[in-house]
Amino acid sequence: PRPTALHQLVVPELCVLINRQLPRELRAVVDCEVVVRPDRGPRERATVRAPDIVVILTERVLAGAARVDAAEVRLAVEIHSPGTVVTDKVTKMFEYADAGIPGYWLVDIDPPMTVTAHVLVDGEYEVTADTDSRLDVLTPLALSLDVRTRTGL
């Protein structure tokens with residue numbers, strides 16, 4: 001499949017797999033904007049990003065929140081393609097870390113599919129897993145995925 005089509009398949013599948021493992025008070029959702037830098041006046045407008053998946057409190061999902069502050073996000077997931085690699089690995093990674101989002105995953109859908117999991121440590125992301133097979137992480141959330149099969153991711 002074309003990268004865009006594969007992206008559209010992977011996002012909801014990954015969202016379901018994450019939700020199966022989350023406690024009731026947390027939900028993984030798509031189509032949720034994240035304010036990574038608040039509005040600081042007319043010269044410095046807010047910076048808003050739209051990760052492919054975010055994990056936030058279930059009560060915010062039920063309230064219909066279409067935009068949340070970065071402080072509300074436990075995990076942000078970006079599924080990148082050749083055109084978004086630099087933005088995802090540099091710009092967004094810096095912005096999400098600076099905003100204090102505790103977990104950031106980068107999913108590369110080019111075969112073999114890989115997931116790189118980062119956790120925020122002293123204001124910077126550290127890699128906790130980088131795999132094309134089994135992903136098992138404990139922070140910021142305990143999650144496991146089989147990356148080898150597309151039906152497992």
Whole-number accessible area per residue in Å² for region 24-121, which is evaluated in the context of all protein chains at 1.4 Å: 50 Å²
Contact order normalised by residue count of region 57-114, Cα under 8 Å, 6+ apart, percent: 42 percent
Highest-MSF residue in the chain out of VAL77, VAL34, VAL61 [GNM, Cα springs under 10 Å]: VAL61
Scaled radius of gyration (Cα, divided by 2.2 N^0.38 Å) that region 21-111 gives: 1.10
Crossing angle, helix 3-19 versus the chain [Cα axis fit, 0-90 degrees, rounded to tens]: 80 degrees
With at most 14 neighbouring Cβ atoms within 10 Å, loop trypsin sites (Lys or Arg not before Pro) (DSSP) excluded, longest segment of the chain: 46-147
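Given +1 on the Cβ of Lys and Arg, -1 on the Cβ of Asp and Glu, and no further charges, what dipole in debye does the chain carry about its Cα centre, rounded to the nearest 20?
Values: 17 positive and 23 negative charges, 79 e Å.
Approximately 380 debye in magnitude.
Is the shape of region 72-153 best called rounded, prolate or oblate, per the rule: a/c under 1.5 gives rounded, else a/b larger than b/c gives prolate, else oblate, with a ≥ b ≥ c the square roots of the Cα gyration tensor eigenvalues?
Values: a/c = 2.25, a/b = 1.28, b/c = 1.75.
In terms of gyration-tensor shape, oblate.
Do the sum for the chain: with -39,500 (n - 2.57) for every DSSP H run of n ≥ 4, divided by all residues, what is the mean residue ellipticity at 222 nm, to the nearest 500 deg cm²/dmol?
Values: 3 runs with 29 residues, N = 153.
Theoretical 222 nm ellipticity from helices: -5500 deg cm²/dmol.
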Three principal axis lengths of the chain [C-alpha, angstrom, descending]: 47, 35, 32
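Under a Cβ-only charge scheme (Lys and Arg +1, Asp and Glu -1), can you give me the dipole magnitude of region 92-146 about the Cα centre, in debye to the nearest 20? Before the final figure, lay out each step's value.
On the way: 2 positive and 11 negative charges, 33 e Å.
The dipole magnitude comes to about 160 debye.
The values are calculated or read from the model by the stated rules, or taken from the named source; none is laboratory data. Remember, it's a predicted structure, so these values are computed and weren't measured experimentally. Using ideal geometry, Cβ is built from the backbone for each residue, glycine included, and neighbour counts are taken over all protein chains shown. The accessibility values were calculated without ligands, DNA or RNA, using every heavy atom of the protein model including side chains. Shrake-Rupley method; radii C 1.70, N 1.55, O 1.52, S 1.80 Å.
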